[in-house]
1. Is it fair to say Phe429 is modelled with pLDDT of 95 or more, among the aromatic types (Phe, Trp, Tyr) and buried (at least 17 other Cβ atoms within 10 Å of the Cβ)?
2. Applying the selection to the range 35-58, what residues are surrounded by 15 or more Cβ atoms within 10 Å (Cβ to Cβ) and free of Cβ contacts under 8 Å to residues at least 12 places away in the same chain?
3. Just for the range 154-198: of the residues that are basic (Lys, Arg) and without any contact (Cβ under 8 Å) to a residue 12 or more places away in the chain, which one is farthest from Asp116 (Cα to Cα)?
4. Yes or no: Phe13 within 26 Å of the chain's Cα centre (by Cα), in a loop (DSSP other than H, G, I, E, B), surrounded by 16 or more Cβ atoms within 10 Å (Cβ to Cβ) and not assigned by TED's automatic domain parsing to the domain that holds Glu339?
5. For the range 86-141, enumerate the residues that are without any contact (Cβ under 8 Å) to a residue 24 or more places away in the chain, polar (S, T, N, Q) and more than 30 Å from Val43 (Cα to Cα).
6. Could you tell me which numbered condition Ser396 fails, if it satisfies all but one of (1) in a helix (DSSP H, G or I); (2) free of Cβ contacts under 8 Å to residues at least 40 places away in the same chain; (3) within 30 Å of Leu299 (Cβ to Cβ)?
Amino acid sequence: MHKTKLIKILKSFSKSEIRRFSCFVKSFYRTGESKIIKLLREVVNYFPEFEDKNFTKQSLFNKLYPKKPYNDATIRKLISYLRNLAEEFLIHQNLKRNDIVRNLYLLKELSLRRADSLFEQTAALVEKQTKKYAKNTAFYYNRFRLLNIINSHYGLRKRSIAVSNYQKEADSFFHYFFIEALNIYIYLANEKGISNREFDMILFNEVMSHLNNNPYTEITSIPVYYNCLMLILTEEEKYFQILKEIKKTLDNKINYDELRIMYIVLQNFCVSRVKKGIIKFKWEAFELQKESISGGFHLSGERIHTFTFLNIVSEAASVGESLWGESFIQKYRHLLEAEHEFDIVNLSYAKCEFSRKEYEKALTRLGKINMENSQFKLSVKTLMLMIYYELNSYDSAISLLDTYKHFIARDKFLPKADRQNRLKFAKYFKEILNLKTGMNKDINLVKMNVLSTDNFVEKEWFLGKIDELKLKGRF
């Protein structure tokens with residue numbers, strides 16, 4: 001029963017949503033004796049886990065039909081009806097959250113029913129509602145739809161009104177198109193960098209050429225997304241500085257979508273700069289993270305993504321703010337997906353402890369992580385290798401390094417960029433281990449190779465260990 005589509009939907013509900021859903025279902029039936037209402041009442045008894053061994057189709061059927069033999073077709077039909085109502089409820093909830101979209105659907109119906117006076121009143125209301133929002137993708141899309149409905153309505157009634165609106169309708173559509181095109185290009189360009197895949201960026205040259213000549217500075221989203229895209233494509237620092245200046249002018253509540261994308265792009269740029277050895281961007285990344293958190297941009301709905309959580313803690317630890325990182329862990333751990341919370345929290349604490357040179361404590365934390373199921377195996381193994389190096393546990397380091405390389409070779413789903421990144425780490429880890437154990441004496445060559453190699457994890461740590469060996473007079 002817990003694998004049915006109905007339960008998958010109900011598991012996503014909060015307590016208040018379950019209560020509202022119950023009222024929603026009851027509104028469809030006149031009597032409280034309806035089998036659907038009774039079924040819902042029984043199902044809700046198992047909310048929110050729905051994992052009880054007695055929660056079966058047979059037990060539900062027996063509750064609804066205590067004197068009849070079990071009929072699988074009957075209970076499946078009732079469950080299907082209830083699932084349909086759950087889907088209708090989700091649609092209703094979505095429309096309820098968006099007054100403009102709801103009124104646009106109402107406008108179309110009023111036009112079809114020739115309720116002209118009500119149509120005019122509702123159109124004026126929607127026009128007023130749209131002016132409250134930022135001039136972003138949703139604004140121009142909704143404005144285009146509004147003008148399209150109005151022009152269709154008046155096209156055969158008062159043609160002069162429609163004609164006077166045609167240019168506004170066209171402008172709204174193209175403003176929406178340019179913003180959304182930039183948004184899509186940003187996504188594709190970013191994904192190309194992550195997965196090393198090529199994408200067909202349709203009309204890219206035409207769109208960028210038009211925007212170069214028509215910057216639309218009065219439309220907030222266009223300069224934001226344009227400069228985000230240029231920063232991703234060119235990696236020129238001037239776009240980073242332009243975005244930082246634009247960011248100062250934006251309002252968290254009005255420009256939420258633009259700011260969220262901007263913070264992601266700015267932080268990714270900082271990370272790429274740090275990987276190239278430009279250490280000043282570590283602090284830039286950390287400060288951006290703190291700003292992002294204060295604005296709530298680190299959240300995905302009511303949750304926080306595991307990678308986002310880990311990146312925030314890692315950046316704090318890398319700039320010596322491990323106590324801030326631990327405070328973040330305590331404050332936000334409950335927003336992680338329950339199935340990943342234990343592993344992510346232990347890995348995060350281990351990173352903080354490692355930064356304070358509490359190597360034994362960090363190793364104990366990592367030992368608690370289920371390496372069979374964890375999606376962060378490589379991150380855990382990377383940190384364990386560094387701990388073994390610090391603790392002079394050479395045999396453990398050599399054994400784990402061999403496992404590490406075999407794991408990378410076997411993982412077919414590991415993106416190419418990540419694979420190359422980790423292989424570089426493995427290569428240079430072996431070299432500094434050989435330096436420390438005296439098996440290699442050419443420390444200057446190793447340092448030169450590390451300095452000249454871009455994009456691999458913990459580059460700064462490697463350079464620090466090489467300099468540490470020099471200071472100790474080992475070479």
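1. On the way: modelled with pLDDT of 95 or more: yes; among the aromatic types (Phe, Trp, Tyr): yes; buried (at least 17 other Cβ atoms within 10 Å of the Cβ): yes.
So Phe429 passes the test.
2. Within the range 35-58, just Tyr46 meets the criteria.
3. Within the range 154-198, the subset basic (Lys, Arg) is 157-159, 168, 192, 197.
Within this subset, residues satisfying the condition of being without any contact (Cβ under 8 Å) to a residue 12 or more places away in the chain are 158-159, 192, 197.
Numbers: Lys158: 11, Arg159: 15, Lys192: 51, Arg197: 52 Å.
Within the range 154-198, the match that is farthest from Asp116 (Cα to Cα) is Arg197.
4. On the way: within 26 Å of the chain's Cα centre (by Cα): yes; in a loop (DSSP other than H, G, I, E, B): yes; surrounded by 16 or more Cβ atoms within 10 Å (Cβ to Cβ): yes; not assigned by TED's automatic domain parsing to the domain that holds Glu339: yes.
When the stated conditions are applied, Phe13 passes them.
5. Within the range 86-141, Ser117, Gln121, Thr122 qualify.
6. For Ser396, the failing item is (3).
One line per residue, one yes/no per condition, for (1) in contact with a helix residue (DSSP H, G or I) (Cβ under 8 Å, 6 or more places away or on another chain); (2) assigned by TED's automatic domain parsing to the domain that holds Ile202:
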position: Glu109; (1), (2): no, no
position: Leu118; (1), (2): yes, no
position: Leu125; (1), (2): yes, no
position: Ile161; (1), (2): yes, yes
position: Ser172; (1), (2): yes, yes
position: Phe178; (1), (2): yes, yes
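Residue by residue, here is whether (1) over 19 Å from Ile232 (Cα atoms); (2) in contact with a strand residue (DSSP E or B) (Cβ under 8 Å, 6 or more places away or on another chain); (3) not assigned by TED's automatic domain parsing to the domain that holds Ile222 holds:
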residue	(1), (2), (3)
Asp257	no, no, no
Arg260	no, no, no
Tyr263	no, no, no
Leu266	no, no, no
His305	yes, no, yes
Glu326	yes, no, yes
Leu335	yes, yes, yes
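The values are calculated or read from the model by the stated rules, or taken from the named source; none is laboratory data. Computed from a predicted model, the values in this text were never measured in an experiment. Every residue, glycine among them, receives a Cβ derived from its backbone with ideal geometry; neighbour counts consider all protein chains shown.
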